[in-house]
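The values are calculated or read from the model by the stated rules, or taken from the named source; none is laboratory data. Predicted, not measured: the structure shown is a model, and the values here were computed from it. In this analysis, Cβ positions are derived from the backbone assuming ideal geometry, glycine residues included, and neighbour counts consider all displayed protein chains.
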Amino acid sequence: MKPVHPDASTVAPMIDVDTTGIASDASPHDVFMRAALEAARRGMLAGEPPVGACLVADGEIVVTRSNAVIGELDITAHAEMRVIREACRQLRKLDLSGSTLYVTVEPCLMCLTACHYAGIGKVVYGAGIADMNAVTGNELAAAPANDLPLKLEGGCLAAECRGLIVTWSGSRQAGSVS
């Protein structure tokens, strides 16, 4: 029996973002990163690492997902991979050119490679992969940003993204979250 993942309901294309409580002067990056953070929180509640991703095209959210490696028993079920898979299905195309991926933690090599092949031109992330590595000790850093064919922009809501990792780390040490 396949587990039902908590973000399975976010499958409708072009999801509206609830901007309640977001300052009117917040940048679009902040609004979309908050959607990724919400996905990460849902994943963490399901026992997953706190990584969430949000794909945006034409200024609107296409899909959000959290990590589901544990729940799906699939080592490739990173939030970024799940977003790319679902966006391709929903949009019925493999080319996601012109879209931007927002992710709470800097993507690993596998996810960056998938972004490249999907044509995603920009990835905006919060916490650096070093922040996650400090907790897991098992992360692979990507090539220097200037060696990549897509644009990486880090630090968006970084403190909030790092805080989620710290919370998750404390839960793991207490034995309440895998």
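Can residue 79 be described as among the hydrophobic types (A, V, I, L, M, F, W, C), surrounded by 19 or more Cβ atoms within 10 Å (Cβ to Cβ) and in contact with an Asp or Glu (Cβ under 7 Å, 6 or more places away or on another chain)? Against the criterion (among the hydrophobic types (A, V, I, L, M, F, W, C), surrounded by 19 or more Cβ atoms within 10 Å (Cβ to Cβ) and in contact with an Asp or Glu (Cβ under 7 Å, 6 or more places away or on another chain)), residue 79 does not qualify.
Remark: pairs (first residue in the range 88-105, touching a residue at least 40 places away in the same chain (Cβ under 8 Å) and at negative phi; second residue surrounded by 17 or more Cβ atoms within 10 Å (Cβ to Cβ) and among the aromatic types (Phe, Trp, Tyr); Cβ separation under 8 Å; 6+ apart in sequence or on different chains) = 100/32; 102/32; 102/125; 103/125; 104/125; 105/125. Taking the criterion of being surrounded by 14 or more Cβ atoms within 10 Å (Cβ to Cβ) and either farther than 17 Å from residue 28 by Cβ or modelled with pLDDT under 85 (or both), the residues of the range 117-135 that qualify are 118, 119, 127, 128, 129, 131, 132, 133, 134, 135.
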